[in-house]
Amino acid sequence: MKKNGQEIQEFGNLITKTFNKNTKIQTHWAEAISVNWEDKTMVAKGTADNLEFHDVLLGVGDCFRKPKKGARCLVGTILNQEAATFLMACTDLEETVITANQTQLTVKETGFIIKQNNESLKDVLNDMIDEINKIKVIYGNTINILEMTAIKERLNTILIE
């Protein structure tokens, strides 16, 4: 497996050649056969010709999409090189990861993960609610701990990490 930076550079070079030669990116409808989420690649099979596409890139740099096995996918081929393929779109996703410098948004079927510098928004909000629940008011109304706990539980169904 090539280092992520090398793949991005090669992908960029292929795109540049495509634009410079006015060569169109070919597209193929395919079905996701298997996904290697660790390497951010997949194997897909063309729906029209059953041709297999190996090492299809699931993204480059800032955005990666993990299609479900069996999802219908639009695969792009650069300069008619079937070894240079990338996922353009798909009908059914398990996960999407978008990264901007130190900020990362992960969207899964079960909810969202928002991190900044490895600090999770869910953890920060849970810590805040826990601290609010510790407040004791001597005169007047205190906070409704049961309601705050219910809000925390609702939050935890949206933010999963």
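Things worth noting here:
- Cα Rg over Rh - segment 118-158, Kirkwood: 1.06
- Cα-based helix-to-principal-axis angle, 145-158 vs the chain, degrees rounded to 10: 0
- Additional length obtainable on full extension of the chain from Ser34 to Asp130, 0.36 nm per residue less Cα span: 30.3 nm
- Taking the convex hull of Cα positions in segment 45-87, its mean projected area over all directions (nm²): 3.3
- Averaged per residue, segment 27-100 has 49 square angstrom of accessible surface, using a 1.4 angstrom probe with ligands and nucleic acids left out.
- Qualifying trypsin sites (Lys or Arg not before Pro) in segment 98-161, where qualification requires a DSSP coil assignment and no more than 10 other C-beta atoms within 10 Å, comprise Lys134, Lys136.
- Per residue, segment 118-158 exposes an accessible area of 81 Å² to a 1.4 Å probe, with every protein chain left in place.
- Only Lys, Arg, Asp and Glu carry charge here, each on its Cβ (+1 for the first two, -1 for the last two); on that basis segment 27-100 has a dipole of about 160 debye about its Cα centre.
- On segment 27-100, 47 percent of the accessible area sits on carbon and sulfur atoms, based on a 1.4 Å probe.
- Semi-axes of the equivalent ellipsoid of the chain are 45, 17, 11 Å, computed as sqrt(5λ) over the eigenvalues of the C-alpha gyration tensor in descending order.
- Per-selection Kirkwood Rh - segment 27-100 (Cα, Å, 1 d.p.): 11.9
- Partnerless cysteines in the chain, where a partner means another cysteine C-beta under 4.7 angstrom, comprise Cys63.
- Net charge, Lys69 excluded, C-beta distance under 11 Å - Lys, Arg +1, Asp, Glu -1: -1
- Of Lys69/Lys122; Lys108/Lys136; Lys66/Lys152; Lys40/Lys108; Lys45/Lys66; Lys115/Lys152, those spanning more than 26 Å from alpha-carbon to alpha-carbon: Lys69/Lys122; Lys108/Lys136; Lys66/Lys152
- Accessible area of segment 118-158 belonging to carbon and sulfur atoms, whole % at 1.4 Å probe: 58
The values are calculated or read from the model by the stated rules, or taken from the named source; none is laboratory data. Since this is a predicted model, take the numbers as computed values, not measurements. Neighbour counts run over all protein chains shown; Cβ positions are idealised from the backbone, glycine included. Protein only, heavy atoms only, side chains kept; ligands, DNA and RNA dropped before computing areas. Shrake-Rupley method; radii C 1.70, N 1.55, O 1.52, S 1.80 Å.
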